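**Student:** I have a structure I would like to understand better, so I am pasting it below and will then ask my questions one at a time.
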Amino acid sequence: MVKYQIEGRGIRDRAVLDAMNEVPRHLFVPNKLRHRAYNDYPLPIGLGQTISQPYIVAFMTELLQLNGKEKIFELGTGSGYQAAVASRVAKEVFTVEIYSELARSAAKRLKAIDYKNIHVRDGDGYYGWESEAPFDAIIVTAAADHIPPPLIEQLAPGGRLVIPLGGPFSVQQLILVTKDSKGRVMEKPIIPVRFVPLLGH
């Protein structure tokens, strides 16, 4: 999977490639779909949600430019796969899932495979995780029609945020948001993507 689908498509960050090799993707998909776990497309995980395709997970993680010391916030835990990958490249991951059932199953799964630097809770991730802010990087795994202001506020100076922007039934744009040392925010469109819609708020 990694050599052809990810490295072969331009991902160069060695830590990200190592994380993609290390995290057992088949443990994050329903049992009946495990034979398709390493194919390069999203898969349903229940409640209308999906696990993103491997390339997009790697691409979004690489965009954060992590060095192993960061505290990350993730909006949309899903199965826990993106958090698991990010946790291999950063120091700590805080992730929020609006569906309690998915949050519980992700937390149980991550604990079972001994990922101790990931903190999962259920709730509306639109509002971030204020008590743990600021975050060096933020990753949003659902499409929104705007960037949630609480996430901008909780992004540390020098931080990076990736989010898909656009409607739920159209092609969206993956946006890289950066905040400089003076708190000024810049947005840069990266690639077209398709994500499930952001819920809540």
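The values are calculated or read from the model by the stated rules, or taken from the named source; none is laboratory data. Fair warning: this is a prediction, and the values are worked out from it, not measured in the lab. As a convention, Cβ positions derive from the backbone with ideal geometry for all residues, glycine included, and neighbour counts pool all protein chains shown.
**Student:** From 147, 138, grab the single residue that is of a type outside the set (Gly, Ala, Ser), in contact with an Asp or Glu (Cβ under 9 Å, 6 or more places away or on another chain), within 20 Å of residue 199 (Cα to Cα) and buried (at least 20 other Cβ atoms within 10 Å of the Cβ).
**Tutor:** Of 147, 138, the one residue that is of a type outside the set (Gly, Ala, Ser), in contact with an Asp or Glu (Cβ under 9 Å, 6 or more places away or on another chain), within 20 Å of residue 199 (Cα to Cα) and buried (at least 20 other Cβ atoms within 10 Å of the Cβ) is 138.
Each row is one residue, and each column tells you yes or no for (1) within 22 Å of residue 136 (Cα to Cα); (2) assigned to a helix (DSSP H, G or I); (3) in contact (Cβ under 8 Å) with a residue 60 or more places away in the chain; (4) of a type outside the set (Phe, Trp, Tyr).
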{"site": "153", "(1), (2), (3), (4)": "yes, yes, no, yes"}
{"site": "157", "(1), (2), (3), (4)": "yes, no, no, yes"}
{"site": "160", "(1), (2), (3), (4)": "yes, no, yes, yes"}
{"site": "170", "(1), (2), (3), (4)": "no, no, no, yes"}
{"site": "175", "(1), (2), (3), (4)": "yes, no, no, yes"}
{"site": "178", "(1), (2), (3), (4)": "yes, no, no, yes"}
{"site": "183", "(1), (2), (3), (4)": "yes, no, no, yes"}
{"site": "187", "(1), (2), (3), (4)": "yes, no, no, yes"}
{"site": "190", "(1), (2), (3), (4)": "yes, no, yes, yes"}
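**Student:** Among (1) within 21 Å of residue 10 (Cα to Cα); (2) hydrophobic (A, V, I, L, M, F, W, C); (3) under 10 Å from the mean Cα position of the chain (by Cα), which single condition is residue 66 missing?
**Tutor:** Result: residue 66 fails condition (3) only.
**Student:** Within the range 13-42, take every residue that is outside any helix (DSSP H, G or I) and within 22 Å of residue 111 (Cβ to Cβ) and give me the one that is farthest from the chain's Cα centre (by Cα).
**Tutor:** 30
**Student:** Just to be sure, is residue 56 modelled with pLDDT of 95 or more, surrounded by fewer than 22 Cβ atoms within 10 Å (Cβ to Cβ), within 11 Å of the chain's Cα centre (by Cα) and within 26 Å of residue 34 (Cα to Cα)?
**Tutor:** yes
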